[in-house]
Amino acid sequence: MPRPTRPALFLFAGIGWGASTAYMTTALPFLLRRQGLPMAEITALTAIPFLPLSLQPLWAPVLDLGGARRSWFIGTSLLAAVCTVLSTVLQAQGRFTALLYTLLLTNVLYSLASAALNLLCKSTVEYDQQGRAASLLCTGSMMSAGFLGSLLIGLSEPPAFLRGVVHPWS
């Protein structure tokens, strides 16, 4: 029998989702408003892509189509990361329809990754450590979303004492 997964590893497993969520919920609305989009369009562009997350129970059966849970997690996480990067390019270019579909695909992929990760947590962590692993997974995802969201806004609009020092998007 393989050695059980240590719960602490799950603290870092959700960082990709956290980074993508930080971009979609914090930086993207800020950047779209800066581009002059009305609030109704910003709301649509940032709310609709989260629909796949509300369908989370439907994604787990997709994983039963085959392949290892770890492969599903790694593959879908990498594809979602590529989509997140692509969405930053589409946003900068003002290609908002393509942006919407890319963000939607990003969350479909992260929903699959999340389902695979939850199954990995259940199947690879010792029974008495599963609660700890699940809480560390949630904590890591939320911390990375909060920290990276703040960082993205800070880089977009740095505080006065940093102006002229750090401003990569100007």
Checklist entry - Out of 123, 111, 144, which single residue is in contact (Cβ under 8 Å) with a residue 60 or more places away in the chain and either open to solvent by less than 80 Å² (accessible area, probe 1.4 Å) or under 23 Å from residue 7 (Cα atoms) (or both)? => result 144
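Name every residue in the stretch 92-108 that is open to solvent by 20 Å² or more (accessible area, probe 1.4 Å) and not hydroxyl-bearing (Ser, Thr, Tyr), in order of residue number.
92, 93, 94, 95, 96, 98, 100, 104, 105, 108
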Next on the checklist: Out of the residues in the stretch 48-65 meeting the condition of being hydrophobic (A, V, I, L, M, F, W, C) and more than 14 Å from the chain's Cα centre (by Cα), tell me which one is surrounded by the fewest Cβ atoms within 10 Å (Cβ to Cβ).
Outcome noted: 65
Item to check | Subset of the stretch 32-56 [under 15 Å from residue 90 (Cβ atoms) and in contact with a helix residue (DSSP H, G or I) (Cβ under 6 Å, 6 or more places away or on another chain)] | outcome: 32, 42, 45, 46, 49
Checklist entry - Quick one: would you say residue 68 is surrounded by fewer than 21 Cβ atoms within 10 Å (Cβ to Cβ) and either within 13 Å of the chain's Cα centre (by Cα) or without any contact (Cβ under 8 Å) to a residue 12 or more places away in the chain (or both)? => result yes
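Within the stretch 1-39, restricting attention to residues that are among the hydroxyl-bearing types (Ser, Thr, Tyr) and open to solvent by 30 Å² or more (accessible area, probe 1.4 Å), which residue is farthest from residue 71 (Cα to Cα)?
Taking the candidates together, the pick is 26.
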Next on the checklist: I'd like to check something: does the stretch 77-87 contain any residue that is within 22 Å of residue 8 (Cβ to Cβ), modelled with pLDDT of 90 or more and not aliphatic (A, V, I, L, M)?
Outcome noted: yes
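The values are calculated or read from the model by the stated rules, or taken from the named source; none is laboratory data. Just so we're clear, the structure is a prediction, and the values are computed from it rather than from any experiment. With ideal geometry, Cβ positions are generated from the backbone for all residues, glycine too; neighbour counts draw on all protein chains shown. Keep in mind that these areas ignore ligands, DNA and RNA; they rest on the heavy atoms of the full protein, side chains included. Shrake-Rupley method; radii C 1.70, N 1.55, O 1.52, S 1.80 Å.
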